[in-house]
1. Filter region 270-320 down to the residues that are aromatic (F, W, Y) and open to solvent by 50 Å² or more (accessible area, probe 1.4 Å) and list them by number.
2. Among the residues of region 65-88, which ones are in a loop (DSSP other than H, G, I, E, B) and modelled with pLDDT of 85 or more?
3. Any idea which of V170, V91, V62 is modelled with pLDDT of 90 or more and closer than 24 Å to P193 by Cβ?
4. Keeping to region 250-278, report how many residues are in a loop (DSSP other than H, G, I, E, B) and among the polar types (S, T, N, Q).
5. So is A108 assigned to a loop (DSSP other than H, G, I, E, B), open to solvent by less than 20 Å² (accessible area, probe 1.4 Å) and modelled with pLDDT of 85 or more or not?
6. Scan region 135-145 for residues that are open to solvent by less than 20 Å² (accessible area, probe 1.4 Å) and of a type outside the set (A, V, I, L, M) and jot them down.
7. Which one is most open to solvent (accessible area, probe 1.4 Å), of the residues in region 146-201 that are basic (K, R) and not in a helix (DSSP H, G or I)?
Amino acid sequence: MSEKLVTIVVLPLARAHILKMRLEEKGIKCELEDVHLIEGAATSTVRVKILENDLNEAFKEVDLLLGLKAAKQKKASKPGQILVPIDFSAVSEKAVEMAFNIAEHLKAKLVIMHSYISPVRFSIPYGDIYPYDTTLLKQTEDAEEEANQQFKNFLTPLVTSIGSDTWEKVDPEYIVKPGYAEEDILAFASEQPTRLIVIGRGGDKSWPGTVGSVTADVMYNAPVPVLVVPENMDMKPVEDFKEVLYATNFDEKDFTALDKLMSIVKSYDVRVVCAHVGLPDEYGWDIARLEGMKDILHKKYENKEFECKLIMGNNVLETLERTIKNDPVDILALTTHKRGMISRLFNPSLARKMVFHSEIPLLVFHA
(Lines give C-alpha, C1' and ligand atoms only; values in the text may rest on other atoms or scores of the structure.)
Protein backbone atom coordinates (compact mmCIF):
# COMPACT_ATOMS: atom_id res chain seq x y z
CA MET A 1 0.00 0.00 0.00
CA SER A 2 1.45 3.40 -1.02
CA GLU A 3 2.04 5.93 1.71
CA LYS A 4 -0.26 8.89 1.99
CA LEU A 5 0.64 12.56 2.27
CA VAL A 6 -0.63 14.12 5.49
CA THR A 7 -1.03 17.83 6.28
CA ILE A 8 0.97 18.83 9.37
CA VAL A 9 0.38 22.60 9.34
CA VAL A 10 -1.05 25.47 7.26
CA LEU A 11 1.39 28.38 6.97
CA PRO A 12 2.07 31.58 5.03
CA LEU A 13 4.13 30.77 1.94
CA ALA A 14 7.38 32.26 3.27
CA ARG A 15 7.27 30.28 6.52
CA ALA A 16 6.22 27.14 4.62
CA HIS A 17 9.29 27.34 2.39
CA ILE A 18 11.53 27.62 5.46
CA LEU A 19 9.87 24.55 6.99
CA LYS A 20 10.14 22.66 3.69
CA MET A 21 13.85 23.40 3.56
CA ARG A 22 14.32 22.19 7.16
CA LEU A 23 12.34 19.01 6.52
CA GLU A 24 14.23 18.17 3.35
CA GLU A 25 17.54 18.68 5.16
CA LYS A 26 16.35 15.89 7.48
CA GLY A 27 15.54 13.68 4.49
CA ILE A 28 11.78 14.20 4.84
CA LYS A 29 9.87 14.47 1.59
CA CYS A 30 7.65 17.54 1.66
CA GLU A 31 5.05 19.08 -0.67
CA LEU A 32 3.28 22.43 -0.54
CA GLU A 33 -0.33 22.82 -1.61
CA ASP A 34 -2.23 26.09 -1.97
CA VAL A 35 -5.17 26.64 0.35
CA HIS A 36 -7.51 29.63 0.04
CA LEU A 37 -8.36 30.63 3.60
CA ILE A 38 -9.40 34.08 2.44
CA GLU A 39 -10.74 34.46 -1.09
CA GLY A 40 -8.89 37.05 -3.13
CA ALA A 41 -6.20 37.55 -0.49
CA ALA A 42 -2.86 38.79 -1.77
CA THR A 43 -1.03 36.73 0.84
CA SER A 44 -0.48 33.12 -0.21
CA THR A 45 -1.20 30.39 2.35
CA VAL A 46 -0.26 26.74 1.83
CA ARG A 47 -0.61 23.29 3.37
CA VAL A 48 2.65 21.59 4.31
CA LYS A 49 2.26 17.87 3.54
CA ILE A 50 4.59 14.98 4.37
CA LEU A 51 4.49 11.19 4.27
CA GLU A 52 2.73 9.61 7.25
CA ASN A 53 5.84 7.69 8.40
CA ASP A 54 7.66 11.01 8.87
CA LEU A 55 5.08 12.54 11.20
CA ASN A 56 7.12 12.29 14.40
CA GLU A 57 10.22 13.98 13.00
CA ALA A 58 8.17 16.54 11.08
CA PHE A 59 6.27 17.68 14.17
CA LYS A 60 9.60 18.38 15.87
CA GLU A 61 10.59 20.70 13.03
CA VAL A 62 7.24 22.52 13.18
CA ASP A 63 7.83 23.13 16.89
CA LEU A 64 11.31 24.47 16.17
CA LEU A 65 10.06 26.82 13.45
CA LEU A 66 7.04 28.29 15.23
CA GLY A 67 8.38 28.14 18.77
CA LEU A 68 9.54 25.79 21.46
CA LYS A 69 7.63 24.66 24.52
CA ALA A 70 7.18 27.33 27.17
CA ALA A 71 9.88 25.74 29.34
CA LYS A 72 12.45 26.31 26.58
CA GLN A 73 11.53 29.87 25.70
CA LYS A 74 14.07 32.30 24.40
CA LYS A 75 13.65 36.02 23.99
CA ALA A 76 12.65 37.24 20.58
CA SER A 77 14.46 40.19 19.03
CA LYS A 78 13.02 43.17 17.16
CA PRO A 79 9.41 42.71 18.30
CA GLY A 80 6.98 43.95 15.68
CA GLN A 81 4.00 41.76 14.86
CA ILE A 82 0.62 41.52 16.56
CA LEU A 83 -0.48 37.96 17.36
CA VAL A 84 -4.19 37.10 17.60
CA PRO A 85 -5.13 33.56 18.63
CA ILE A 86 -8.70 32.69 17.61
CA ASP A 87 -11.19 29.95 18.40
CA PHE A 88 -13.98 31.19 16.04
CA SER A 89 -16.08 32.56 18.92
CA ALA A 90 -17.78 35.96 19.00
CA VAL A 91 -15.15 37.33 21.35
CA SER A 92 -12.41 36.20 18.94
CA GLU A 93 -14.07 38.38 16.31
CA LYS A 94 -13.82 41.38 18.65
CA ALA A 95 -10.19 40.55 19.34
CA VAL A 96 -9.34 40.42 15.61
CA GLU A 97 -11.07 43.75 14.97
CA MET A 98 -9.14 45.43 17.78
CA ALA A 99 -5.85 43.79 16.78
CA PHE A 100 -6.32 44.90 13.18
CA ASN A 101 -6.85 48.50 14.26
CA ILE A 102 -3.73 48.46 16.45
CA ALA A 103 -1.64 46.79 13.74
CA GLU A 104 -2.80 49.36 11.20
CA HIS A 105 -1.87 52.27 13.49
CA LEU A 106 1.51 50.79 14.43
CA LYS A 107 2.20 49.65 10.85
CA ALA A 108 2.77 46.15 12.22
CA LYS A 109 2.17 42.70 10.72
CA LEU A 110 -0.98 40.89 11.90
CA VAL A 111 -0.64 37.15 12.57
CA ILE A 112 -3.85 35.17 13.12
CA MET A 113 -3.38 31.69 14.54
CA HIS A 114 -5.69 28.79 15.32
CA SER A 115 -4.67 25.54 17.01
CA TYR A 116 -6.85 22.46 16.70
CA ILE A 117 -6.72 19.00 18.23
CA SER A 118 -5.35 16.40 15.80
CA PRO A 119 -5.79 12.66 16.49
CA VAL A 120 -2.34 11.89 15.07
CA ARG A 121 -0.54 14.80 16.72
CA PHE A 122 -1.59 13.68 20.19
CA SER A 123 -1.72 9.92 19.83
CA ILE A 124 1.96 9.21 19.11
CA PRO A 125 4.92 10.18 21.32
CA TYR A 126 8.19 11.33 19.77
CA GLY A 127 10.53 8.44 19.16
CA ASP A 128 7.87 5.79 18.62
CA ILE A 129 7.30 4.13 15.27
CA TYR A 130 4.09 5.37 13.70
CA PRO A 131 1.80 2.48 12.68
CA TYR A 132 -0.37 2.78 9.59
CA ASP A 133 -3.93 3.55 10.71
CA THR A 134 -6.37 4.55 7.99
CA THR A 135 -9.05 5.48 10.52
CA LEU A 136 -6.71 7.80 12.41
CA LEU A 137 -5.47 9.43 9.23
CA LYS A 138 -9.04 10.00 8.04
CA GLN A 139 -9.86 11.66 11.37
CA THR A 140 -6.77 13.83 10.98
CA GLU A 141 -7.77 14.91 7.48
CA ASP A 142 -11.27 15.70 8.68
CA ALA A 143 -9.95 17.76 11.62
CA GLU A 144 -7.67 19.75 9.33
CA GLU A 145 -10.37 20.37 6.73
CA GLU A 146 -12.85 21.45 9.39
CA ALA A 147 -10.33 23.84 10.96
CA ASN A 148 -9.55 25.41 7.57
CA GLN A 149 -13.23 25.79 6.71
CA GLN A 150 -14.02 27.34 10.11
CA PHE A 151 -11.06 29.69 9.66
CA LYS A 152 -12.38 30.77 6.28
CA ASN A 153 -15.97 31.16 7.51
CA PHE A 154 -14.77 33.20 10.47
CA LEU A 155 -12.47 35.63 8.66
CA THR A 156 -14.24 36.18 5.33
CA PRO A 157 -17.05 38.40 6.74
CA LEU A 158 -14.51 40.40 8.76
CA VAL A 159 -12.27 41.01 5.76
CA THR A 160 -15.28 41.94 3.64
CA SER A 161 -16.52 44.48 6.20
CA ILE A 162 -13.06 46.05 6.57
CA GLY A 163 -12.31 45.93 2.86
CA SER A 164 -9.74 43.71 1.16
CA ASP A 165 -7.36 46.54 0.26
CA THR A 166 -7.44 47.96 3.78
CA TRP A 167 -7.02 44.50 5.28
CA GLU A 168 -3.88 43.83 3.22
CA LYS A 169 -2.19 46.92 4.72
CA VAL A 170 -1.38 44.91 7.86
CA ASP A 171 0.38 42.23 5.79
CA PRO A 172 -1.74 39.45 7.38
CA GLU A 173 -0.43 35.94 7.99
CA TYR A 174 -2.60 32.92 8.75
CA ILE A 175 -1.44 29.88 10.71
CA VAL A 176 -3.61 26.80 11.30
CA LYS A 177 -1.88 23.97 13.14
CA PRO A 178 -2.52 20.96 15.37
CA GLY A 179 -1.62 21.72 18.95
CA TYR A 180 -2.71 23.01 22.33
CA ALA A 181 -3.73 26.67 22.18
CA GLU A 182 -1.94 27.98 25.26
CA GLU A 183 1.33 26.16 24.45
CA ASP A 184 1.33 27.30 20.84
CA ILE A 185 0.56 30.93 21.70
CA LEU A 186 3.30 31.17 24.32
CA ALA A 187 5.82 29.33 22.17
CA PHE A 188 5.16 31.49 19.10
CA ALA A 189 5.44 34.73 21.10
CA SER A 190 8.76 33.53 22.56
CA GLU A 191 10.30 32.34 19.29
CA GLN A 192 8.93 34.89 16.82
CA PRO A 193 9.27 38.71 16.96
CA THR A 194 5.99 39.59 18.68
CA ARG A 195 5.03 43.00 20.03
CA LEU A 196 1.60 42.27 21.48
CA ILE A 197 -0.85 39.40 21.93
CA VAL A 198 -4.53 40.25 21.57
CA ILE A 199 -6.80 37.51 22.90
CA GLY A 200 -10.48 37.20 23.75
CA ARG A 201 -11.71 36.36 27.22
CA GLY A 202 -14.39 33.73 27.01
CA GLY A 203 -14.47 31.45 24.02
CA ASP A 204 -16.35 28.69 22.32
CA LYS A 205 -18.12 26.64 25.01
CA SER A 206 -17.84 23.56 22.80
CA TRP A 207 -14.04 23.71 22.83
CA PRO A 208 -12.89 22.20 26.15
CA GLY A 209 -10.50 24.32 28.17
CA THR A 210 -10.92 27.61 26.29
CA VAL A 211 -13.39 29.31 28.62
CA GLY A 212 -11.05 31.55 30.54
CA SER A 213 -8.23 29.08 31.14
CA VAL A 214 -6.28 29.66 27.91
CA THR A 215 -6.63 33.43 28.27
CA ALA A 216 -5.50 33.38 31.90
CA ASP A 217 -2.51 31.12 31.14
CA VAL A 218 -1.39 33.30 28.24
CA MET A 219 -1.88 36.49 30.25
CA TYR A 220 0.17 35.15 33.14
CA ASN A 221 3.03 33.51 31.21
CA ALA A 222 3.46 35.43 27.95
CA PRO A 223 6.85 37.08 27.37
CA VAL A 224 5.15 40.12 25.77
CA PRO A 225 2.23 42.41 26.73
CA VAL A 226 -1.23 40.81 26.45
CA LEU A 227 -4.42 42.70 25.61
CA VAL A 228 -7.44 40.76 26.90
CA VAL A 229 -10.72 41.56 25.14
CA PRO A 230 -13.81 40.70 27.24
CA GLU A 231 -16.77 38.88 25.79
CA ASN A 232 -19.32 41.47 27.01
CA MET A 233 -17.39 44.50 25.80
CA ASP A 234 -19.34 47.14 23.87
CA MET A 235 -17.32 47.43 20.67
CA LYS A 236 -16.26 50.81 19.34
CA PRO A 237 -13.34 51.93 17.16
CA VAL A 238 -10.06 52.14 19.05
CA GLU A 239 -9.72 55.69 17.68
CA ASP A 240 -12.67 56.63 19.92
CA PHE A 241 -10.91 55.46 23.09
CA LYS A 242 -10.26 58.42 25.38
CA GLU A 243 -8.59 57.07 28.53
CA VAL A 244 -6.18 54.33 29.55
CA LEU A 245 -6.01 53.74 33.31
CA TYR A 246 -2.69 52.29 34.51
CA ALA A 247 -3.01 50.84 38.01
CA THR A 248 0.25 51.45 39.87
CA ASN A 249 1.51 50.14 43.17
CA PHE A 250 4.72 52.17 42.87
CA ASP A 251 6.66 49.17 41.63
CA GLU A 252 10.11 49.70 40.13
CA LYS A 253 8.86 48.02 36.94
CA ASP A 254 6.08 50.58 36.40
CA PHE A 255 8.18 52.84 34.18
CA THR A 256 9.23 49.90 32.00
CA ALA A 257 5.57 48.95 31.60
CA LEU A 258 4.62 52.57 30.89
CA ASP A 259 7.28 52.75 28.16
CA LYS A 260 5.68 49.71 26.49
CA LEU A 261 2.23 51.21 26.99
CA MET A 262 3.30 54.46 25.33
CA SER A 263 4.74 52.55 22.36
CA ILE A 264 1.30 51.02 21.80
CA VAL A 265 -0.91 54.11 22.31
CA LYS A 266 1.48 56.69 20.86
CA SER A 267 -0.52 57.08 17.64
CA TYR A 268 -3.86 57.45 19.43
CA ASP A 269 -5.34 60.59 20.95
CA VAL A 270 -5.78 58.99 24.34
CA ARG A 271 -5.15 60.23 27.88
CA VAL A 272 -3.05 58.05 30.21
CA VAL A 273 -4.05 58.08 33.88
CA CYS A 274 -1.78 56.49 36.51
CA ALA A 275 -3.88 55.61 39.54
CA HIS A 276 -3.01 54.10 42.91
CA VAL A 277 -5.56 52.59 45.29
CA GLY A 278 -4.54 53.71 48.78
CA LEU A 279 -5.63 54.03 52.40
CA PRO A 280 -6.12 57.25 54.43
CA ASP A 281 -3.13 56.59 56.72
CA GLU A 282 -0.82 56.40 53.67
CA TYR A 283 -2.27 59.48 51.97
CA GLY A 284 0.76 61.76 52.29
CA TRP A 285 3.33 59.27 51.04
CA ASP A 286 1.09 58.17 48.16
CA ILE A 287 0.49 61.74 46.99
CA ALA A 288 4.23 62.47 47.07
CA ARG A 289 5.05 59.36 45.04
CA LEU A 290 2.31 60.15 42.50
CA GLU A 291 3.63 63.69 42.05
CA GLY A 292 7.11 62.28 41.47
CA MET A 293 5.77 59.84 38.89
CA LYS A 294 3.86 62.63 37.15
CA ASP A 295 6.97 64.83 36.89
CA ILE A 296 9.02 62.01 35.36
CA LEU A 297 6.33 61.14 32.81
CA HIS A 298 5.77 64.75 31.75
CA LYS A 299 9.49 65.22 31.16
CA LYS A 300 9.82 61.99 29.21
CA TYR A 301 6.65 62.33 27.14
CA GLU A 302 6.18 66.06 26.64
CA ASN A 303 3.49 65.73 23.99
CA LYS A 304 1.29 63.22 25.84
CA GLU A 305 -1.43 64.02 28.35
CA PHE A 306 -0.88 62.36 31.74
CA GLU A 307 -2.72 62.40 35.04
CA CYS A 308 -1.63 60.73 38.28
CA LYS A 309 -4.27 60.34 40.96
CA LEU A 310 -4.96 58.61 44.26
CA ILE A 311 -8.15 56.57 44.66
CA MET A 312 -9.15 55.80 48.24
CA GLY A 313 -10.35 52.27 48.95
CA ASN A 314 -9.76 49.19 51.11
CA ASN A 315 -10.22 46.62 48.32
CA VAL A 316 -8.16 47.17 45.17
CA LEU A 317 -10.36 45.05 42.90
CA GLU A 318 -13.65 46.63 44.02
CA THR A 319 -12.18 50.13 43.96
CA LEU A 320 -10.89 49.72 40.39
CA GLU A 321 -14.20 48.25 39.26
CA ARG A 322 -16.04 51.23 40.74
CA THR A 323 -13.64 53.66 39.07
CA ILE A 324 -14.05 51.97 35.69
CA LYS A 325 -17.84 52.11 36.07
CA ASN A 326 -17.95 55.80 37.03
CA ASP A 327 -15.14 57.22 34.85
CA PRO A 328 -14.73 57.08 31.06
CA VAL A 329 -12.01 54.39 31.22
CA ASP A 330 -11.57 52.48 27.94
CA ILE A 331 -8.59 50.25 28.83
CA LEU A 332 -7.28 49.11 32.20
CA ALA A 333 -3.52 48.46 32.22
CA LEU A 334 -1.40 46.93 34.98
CA THR A 335 1.72 44.91 35.68
CA THR A 336 1.56 41.36 36.97
CA HIS A 337 4.26 39.47 38.83
CA LYS A 338 5.12 35.79 38.56
CA ARG A 339 4.69 33.91 41.81
CA GLY A 340 5.13 30.42 43.13
CA MET A 341 2.42 27.85 42.55
CA ILE A 342 1.19 27.97 46.16
CA SER A 343 0.76 31.74 46.19
CA ARG A 344 -0.92 31.59 42.77
CA LEU A 345 -3.49 29.14 44.12
CA PHE A 346 -4.24 30.94 47.39
CA ASN A 347 -3.54 34.56 46.51
CA PRO A 348 -4.22 35.15 42.79
CA SER A 349 -2.70 38.26 41.25
CA LEU A 350 -4.81 41.33 40.61
CA ALA A 351 -4.41 40.86 36.85
CA ARG A 352 -5.80 37.33 36.99
CA LYS A 353 -8.77 38.53 39.04
CA MET A 354 -9.43 41.44 36.69
CA VAL A 355 -9.54 39.11 33.68
CA PHE A 356 -12.79 37.65 34.96
CA HIS A 357 -14.33 40.90 36.25
CA SER A 358 -13.58 43.71 33.85
CA GLU A 359 -15.91 44.51 30.95
CA ILE A 360 -13.32 46.71 29.26
CA PRO A 361 -10.06 45.52 27.65
CA LEU A 362 -7.28 44.64 30.10
CA LEU A 363 -3.68 45.30 29.02
CA VAL A 364 -1.24 43.22 31.06
CA PHE A 365 2.51 43.79 31.33
CA HIS A 366 4.97 41.47 33.05
CA ALA A 367 7.51 42.39 35.68
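The values are calculated or read from the model by the stated rules, or taken from the named source; none is laboratory data. Just so you know, these numbers come straight off a predicted model, no measurement behind them. When we count neighbours, we look across all protein chains shown, and the Cβ atoms used for this are built from the backbone with ideal geometry, even at glycine. Side chains are part of the model used for accessible areas, which takes the heavy atoms of the whole protein and leaves out ligands, DNA and RNA. Shrake-Rupley method; radii C 1.70, N 1.55, O 1.52, S 1.80 Å.
1. Y283, W285 - these are the residues of region 270-320 that are aromatic (F, W, Y) and open to solvent by 50 Å² or more (accessible area, probe 1.4 Å).
2. Narrowing region 65-88 to residues in a loop (DSSP other than H, G, I, E, B): 67-69, 73-80, 86-88.
Matches in region 65-88: I86, D87, F88.
3. V170
4. Matching residues across region 250-278 total 1.
5. Working: assigned to a loop (DSSP other than H, G, I, E, B): yes; open to solvent by less than 20 Å² (accessible area, probe 1.4 Å): yes; modelled with pLDDT of 85 or more: yes.
Yes.
6. Within region 135-145, T140, E144 meet the criteria.
7. The residue in question is R195.
A quick yes/no check of all residues on (1) more than 22 Å from Q81 (Cα to Cα); (2) surrounded by fewer than 21 Cβ atoms within 10 Å (Cβ to Cβ):
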| residue | (1), (2) |
| --- | --- |
| V229 | no, no |
| N232 | yes, yes |
| P237 | no, yes |
| K242 | yes, yes |
| A247 | yes, no |
| D251 | yes, yes |
| F255 | yes, yes |
| Y268 | no, yes |
